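What follows is a set of notes on a single structure, which appears directly below.
The values are calculated or read from the model by the stated rules, or taken from the named source; none is laboratory data. Only a predicted model underlies this, so the values are computations on that prediction, with no experimental measurement involved. Glycine gets a Cβ as well: all are built from the backbone with ideal geometry, and neighbour counts include every protein chain shown. The protein model used for the area step is the full one, side chains on, heavy atoms only, and it has no ligands, DNA or RNA in it. Shrake-Rupley method; radii C 1.70, N 1.55, O 1.52, S 1.80 Å.
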Amino acid sequence: MSIDKAYSLAKEQYAAIGVDTDAAIARLKKIPVSLHCWQGDDVRGFENPDGDLTGGIQTTGNYPGRARTIAELRADFEKVASFVPGKKRISLHAIYLDAMGEKVERNAVQPKHFDSWIDWAKKIGIGIDFNPTCFSHPLSGDGFTLAHPDPAVRKFWIEHVIACRKIAEYIGRKMNDRTMNNIWLPDGFKDIPVDRYAARKRMMESLDEILAADIDKKYCADTLESKLFGIGAESCTITSNEFCICYCAKRGIMTTLDAGHYHPTEVISDKLSSVLLFIDEVMLHVSRPVRWDSDHVVIYDDELKAIAQEIIRNRFEDRVHIGLDYFDASINRIAAWTIGARNMQRALLTALLEPTEALRKAELEGDYTSRLALLEEYKTYPIGAVWDEYCRVCGVPVRDEWLASAKQYEKDVLSKR
Ligand code: RNT
Ligand code: ZN
């Protein structure tokens, strides 16, 4: 059946429960999703592409064809962008700098190292977000950066993160946009520490020093990402959930909720409504933890749908900034990127096709029977037909058409690397 025909039937079916599918599509088109650059090259970056990934995070797999240069990563990203509907941003890490052949120390990274990224992003019509890189470096080798007991090491990382705030501000100004500056620290103890308080106090003081730098908040929004544990930091992670939530609420900055950074039965979909009562804006790292922070490709599962529902039901799209964070090196990376990004969009659309007010009313009236019955029935409404129409109007491949194109790109480009 043609997309048109299926869409008009779906439109009718949704109209019967009070859902305007055209309005849903129009609203979805405005919600940006920040695609993480690091799916393209296994978090290596261009500072030292042959160096080891450290900081307690790991990519697994050695599928051929990863991007080895800035040009390759940009070409790959453009391919992905052509497969993913909706408004897109790219989330860059400091190690993805364009050093123009020079060796640039982390604490000396400058706005000019991102000029070529800005030009490219403008050209392809996407926004940019930023991340300091406090890992994969000799001075983070013993597992500590901003909370390091040695003041000289702390100073180095404080300088790096301040440099990154300036870069984010510069990008925001150049692009007439607000760039998220997402700060994640790997700091933690492998084994049981004696003085957790002192380490966390050092972290707090370093962050305070970083935030004291004069940066225009109009262009740069700082956000701090917590974590439960990392490989090699199993016994105590300094920037734990409690640390970050308290810090961000008290200091008035954003916080980042990464779907893989909590105990296995905790979900970030349940955290948003609490956090947003006390913190103005939140960044998400949408990921898929499998038993641990494994960063599997995001699939269209219950938690992804629940995250989208929390945003859409409460009209939080201006307060919740959606970013993706996963890295799978065991399958075609372009496909991995695309699958997760399309799923994020698909989940948002699914949430937009819900007659929320009617469900809310049932809940308020204590009619939990209707609430459950209807939620289950709506699951098999013709979401796919609306999704196909959305892809069509966005000018991206419909259904699995993108896969053949990704395979062709693999044959023509990736396999030759
Ligand atoms: C690590 C954090 C962090 C990184 C990226 C590369 O556990 O999730 O966000 O994945 O910054
Ligand atoms: Zn993350």
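Here are the numbers for this structure:
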read-out	value
On Cα atoms only, tilt of 241-251 relative to the major axis of the chain in degrees	80 degrees
Links that overshoot a 30 Å alpha carbon limit, given the list K29/K379; K30/K271; K190/K218; K122/K217; K11/K174; K155/K305	K190/K218; K11/K174; K155/K305
Dipole moment magnitude, nearest 20 debye, the chain about Cα centre, only Lys, Arg, Asp, Glu C-beta charged	840 debye
Accessible-area composition of the chain, carbon plus sulfur, in percent [1.4 Å probe]	53 percent
The chain: angle of helix 368-378 to the longest principal axis, Cα-based, in degrees nearest 10	90 degrees
Probe 1.4 Å, accessible area per residue of region 372-417, Å²	58 Å²
Rounded to 10°, Cα long-axis angle of helix 3-15 versus longest principal axis of the chain	80 degrees
The chain - percent relative contact order, Cα under 8 Å, separation 6 or more	21 percent
Cα point-scatterer Debye curve for region 67-112, base-10 log of I(q)/I(0) at q = 0.21, 0.22, 0.32 Å⁻¹	-0.82, -0.87, -1.25
Dipole axis of the chain (+1 Lys, Arg; -1 Asp, Glu on Cβ), positive-most option in S294, T133, I245	T133
Debye, to nearest 20: dipole size of region 131-204, +1 on Lys, Arg Cβ, -1 on Asp, Glu Cβ	300 debye
Cα-based Rg of region 279-417 normalised by 2.2 N^0.38 Å, two decimals	1.23
Backbone HN-Hα couplings from phi across region 101-107 [Karplus 6.51/-1.76/1.60, Hz, Gly and Pro as x]	x, 8, 8, 10, 5, 4, 7
Within the chain, helix-based [θ] at 222 nm, where runs of 4 or more DSSP H residues each add -39,500 (n - 2.57), nearest 500	-14000 deg cm²/dmol
Cubic angstrom per residue, convex hull over Cα atoms of region 113-214	109 Å³
1.4 Å probe accessible area per residue over region 4-137, in Å²	41 Å²
Within the chain, longest stretch clear of exposed GluC sites (Glu not before Pro) (DSSP loop, no more than 10 other Cβ within 10 Å)	103-364
List M100, M175, M283, ordered by accessible area with a 1.4 Å probe, largest first	M100, M175, M283
Signed unit charges on C-beta, dipole axis of region 276-409, positive-most listed residue I312, L374, T350	T350
Whole-number accessible area per residue in Å² for region 328-370, which is evaluated in the context of all protein chains at 1.4 Å	37 Å²
Highest-MSF residue in the chain out of G384, G125, G65 [GNM, Cα springs under 10 Å]	G125
Summed residue charge, Cβ within 13 Å of V290's Cβ, Lys/Arg positive, Asp/Glu negative	-3
From phi via Karplus (6.51, -1.76, 1.60), per-residue ³J(HN,Hα) for region 292-301 in Hz, x at Gly/Pro	8, 6, 8, 6, 6, 4, 5, 10, 7, 10
Cα gyration tensor shape for region 42-184, rounded if a/c is under 1.5, else prolate or oblate	oblate
Long-range tail of P(r) for region 316-359 (Cα pairs > 12 Å, %)	70 percent
Trypsin sites (Lys or Arg not before Pro) restricted to region 357-399 and DSSP loop, no more than 15 other C-beta within 10 Å	K379, R399
Long-range Cα-Cα pairs in region 335-417 (distance over 18 Å), rounded percent	57 percent
Most positive-pole-ward Cα, A147, Y326, Q110, against dipole of the chain from beta carbon charges	Q110
Within a Gaussian network of the chain (alpha carbon springs, distance under 10 Å), most fluctuating of A306, A94, A15	A15
Dipole magnitude of region 43-105 about its Cα centre (Cβ charges: Lys, Arg +1; Asp, Glu -1), debye to nearest 20	400 debye
Region 347-417-region 315-337 distance, computed between alpha-carbon centres (Å)	16 Å
Global geometry of region 131-287, whether rounded, prolate or oblate, following the gyration tensor of its Cα atoms and the 1.5 cut on a/c	oblate
The chain: translational diffusion in µm²/s, Stokes-Einstein, Kirkwood Rh over Cα pairs, 37 °C, 0.692 mPa s	148 µm²/s
Highest-fluctuation residue, L257, L92, L372 considered, GNM on the chain with Cα pairs under 10 Å	L372
